[in-house]
Amino acid sequence: MNETKKRKEWIKNFAIIFLAILLVLTFCSNTIMNYSLPEVAAQYCYSGEITNKVRGNGTVEAEDPYKVIFKQSRKVDSVVARVGDMVEKGDVLFKLEAGDSEELKELKKQLEEYLIKNELSDAYAGVVDGKKDSDFEANLEKVKAARKKVENLEKAVANTEAALEKFKNGTAEQYAEYKALADAKATKQAWDTQHGYNSTNLEAAKTTFNYDTLKSAYDVALNDYNMAKADYDAKLADYNAKVAAEATALAEKQAAQDAVDAATAAAVAAGGSFDPTNVPEHQALQDTLDAKTTAYNNANSAKSSAETAKNTAQGTMNSKKNDLDTATANFKVAENGVASYMTAYNTSTAKTAEMERAVADAEKAIENKTAALQKQVDSNKKALEDANTELTRLVSDVEVLAPILQKIKDLESEGGELTITAPVSGTVLSLNYAAGQTIETGAEVASIQVAGRGYTMSLTVPSEKAALVAIGDEAEISNSWWYVNVHARVKSIKNNPQNPGKEKIILFELEGDVSAGQSLSVTVGQRTATYDTIVPSSAIRSDDNGKFVLRVNTKSTPLGNRFIAERVDVTVLAEDETRTAVSGEFTGWDYIITTVTKPVEDGQQVRLKD
């Protein structure tokens, strides 16, 4: 019993302690969490005026300085002038060490190596020393003559090709050959129009004489006659066969009759009579006679039928012959008419063929002249090819040596001087080499600001900023206490070729006591306007999506207020040294974050600075 009571007491105490701890943590959790949040400072946005200006730093540059270029590679012995010195044209800038330049040494080395390598030292004796012997000069003249010949032949090829192309596209007004062709075609066209006969005309003639209809009627009549004649011939042959068959049957019947008559006479002579009924021999003779009589009668009947058929066929044949004679006569008239036309057609065809030959002859004349011009072009091209071959043969060692010798001559004439002098009067802006250094070929050794020419400075600004500036605007020098009597004026405003459309380059012309290389801070273009929303410039942030500010939103909870950062995208309208005018989705007196102790993102809870 006591143990049960103690257990209940222990459970009650544990629950009380747990609830107390839970209550303490609940009240303290807000404070603990606040210390883990980013601490931010914020200000209310407001409306007001901002004076927008263009500010920037630039480096003073000489306007179009004169660059001193030295063509050879020589070692500097000493530097006479100093940067900032005023020099006159001809004043010494550098002194050079004596001796050939590196280029001249290299050229002489190349020349000697080439002569030795190609075993030309004896043939071109004295060339290394810059003396060209007679053989060398003679070969040079041959090369020049060969080149001249090639040039002339190239012109000849071009001229003949132009003549060929012009003739190919020629007209009757330009060339007799094309006029002859045009005349021949015109003559043929006129003949065809006035006298020409063709297949169309032939068909018209056949229609006029009803040739095809009469020819068809003739063909039908001829076919009908031939069929009727063939039928008659067949019926005549059958009739003749029937006549022969009748004659044969008649002879056989007569022979049977003669046999009966002989038997009758013999019976009578014997005192009796011809008795077919009782005498078998007589019966046989009588049966033969009866059969032959029947056969004869049949043959006679067949002959009569064949004769009737023959006569009918003959009548039909005679009728078809009359039809054929009529069709033949009619067709003969049409045939004679068309034959008369065919004579004219053949005559016209012969005349047309003659005119076509004239056209062909004119075309052949053009082909022949084209071929002749092409032959001339080919001949000139062959001569040009031969001339190029000859030129290639001549252009060997001479052509290799000539430019080397010319360069040596030029460098020797230029390299006699031991100084580099100022080519113009002005102020020395730069000296790019020191004593002991070797000047590179074609290098800029110095630059001089020509007397009378000024200085410039440029700023690269966004296009919307450049809109605040106009050509002729005076700029304010920020550190003017240092640069006394220095004035800057906008000379030009141009697109930045590296970022066209988005940036402009503002060029200032400078007056006063400045020199190239100095840095100036300028302010130019002043525009004042009233804006609805102004925030501290430190509140403006940007990322890949553009510029924005973070607004503080308050959220009430049972444990107190919580502060949430909300992103508001903005467009910058104007700015000065500390403030920026913006536009965006603002509600009025928004509380805008200006500084933070750690990065803050949209929707993140923050802690306000006390």
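Taken as a whole, the structure leaves Y197 outside the set of residues that are modelled with pLDDT of 85 or more and not charged (D, E, K, R). Taken residue by residue, segment 418-426 has at least one member that is on the phi > 0 side of the Ramachandran plot and at pLDDT below 85. Please work out if T207 is of a type in the set (S, T, Y), assigned to a helix (DSSP H, G or I), modelled with pLDDT under 85 and within 30 Å of A350 (Cα to Cα). So T207 passes the test.
The set of residues in segment 263-285 that are in contact with a helix residue (DSSP H, G or I) (Cβ under 9 Å, 6 or more places away or on another chain) and open to solvent by 50 Å² or more (accessible area, probe 1.4 Å) comprises S273, T277, E281, L285. Please verify whether L164 is surrounded by 12 or more Cβ atoms within 10 Å (Cβ to Cβ), modelled with pLDDT under 75 and either farther than 30 Å from E354 by Cβ or touching a Lys or Arg at 6+ places or on another chain (Cβ under 7 Å) (or both), treating the condition exactly as stated. No: the conditions fail for L164.
A quick yes/no check of all residues on (1) modelled with pLDDT of 80 or more; (2) open to solvent by less than 60 Å² (accessible area, probe 1.4 Å); (3) out of contact with any Leu (no Cβ under 9 Å at 6 or more places or on another chain):
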{"residue": "N52", "(1), (2), (3)": "no, yes, no"}
{"residue": "T59", "(1), (2), (3)": "yes, no, no"}
{"residue": "A62", "(1), (2), (3)": "no, yes, no"}
{"residue": "V92", "(1), (2), (3)": "yes, yes, yes"}
{"residue": "L107", "(1), (2), (3)": "no, yes, no"}
{"residue": "L111", "(1), (2), (3)": "no, yes, no"}
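Screening T31 with (1) part of a loop (DSSP other than H, G, I, E, B); (2) modelled with pLDDT under 60 gives one miss only, at (1). Taking each residue of segment 525-546 that is over 25 Å from A470 (Cβ atoms) and charged (D, E, K, R) and looking for partners that are open to solvent by less than 40 Å² (accessible area, probe 1.4 Å) and outside any loop (DSSP other than H, G, I, E, B) with beta-carbon atoms closer than 8 Å, six or more apart or interchain, yields R541/F548; R541/V549; R541/L550.
Here segment 242-291 is the region considered, the condition is being polar (S, T, N, Q) and part of a helix (DSSP H, G or I), and the residue that is nearest to the chain's Cα centre (by Cα) is T248. Comparison of A256, A241, A228 shows that the only residue that is buried (at least 18 other Cβ atoms within 10 Å of the Cβ), in contact (Cβ under 8 Å) with a residue 40 or more places away in the chain and hydrophobic (A, V, I, L, M, F, W, C) is A228.
One residue stands out in segment 171-185 among those that are closer than 14 Å to T370 by Cβ and surrounded by 18 or more Cβ atoms within 10 Å (Cβ to Cβ): the one that is nearest to the chain's Cα centre (by Cα), namely Y178. Taking the criterion of being of a type in the set (A, V, I, L, M, F, W, C) and loosely packed, with under 15 Cβ neighbours inside 10 Å, the residues of segment 369-393 that qualify are A371, A372.
Scanning segment 211-248 for residues that are under 25 Å from G337 (Cα atoms) and not aromatic (F, W, Y) yields a count of 11. Taking segment 426-460 as the range and being outside any strand (DSSP E or B), open to solvent by 50 Å² or more (accessible area, probe 1.4 Å) and within 20 Å of S519 (Cα to Cα) as the test, only R453 passes. Any residue at all in segment 476-499 that's among the polar types (S, T, N, Q) and at positive phi? Among the residues of segment 476-499, at least one is among the polar types (S, T, N, Q) and at positive phi, which makes the answer yes.
The values are calculated or read from the model by the stated rules, or taken from the named source; none is laboratory data. Because the structure is a prediction, the values reported are computed rather than measured. Cβ atoms come from the backbone with ideal geometry, glycine included; neighbour counts cover every protein chain shown. These area figures cover heavy atoms from the full protein model, side chains too; ligands, DNA and RNA do not enter into them. Shrake-Rupley method; radii C 1.70, N 1.55, O 1.52, S 1.80 Å.
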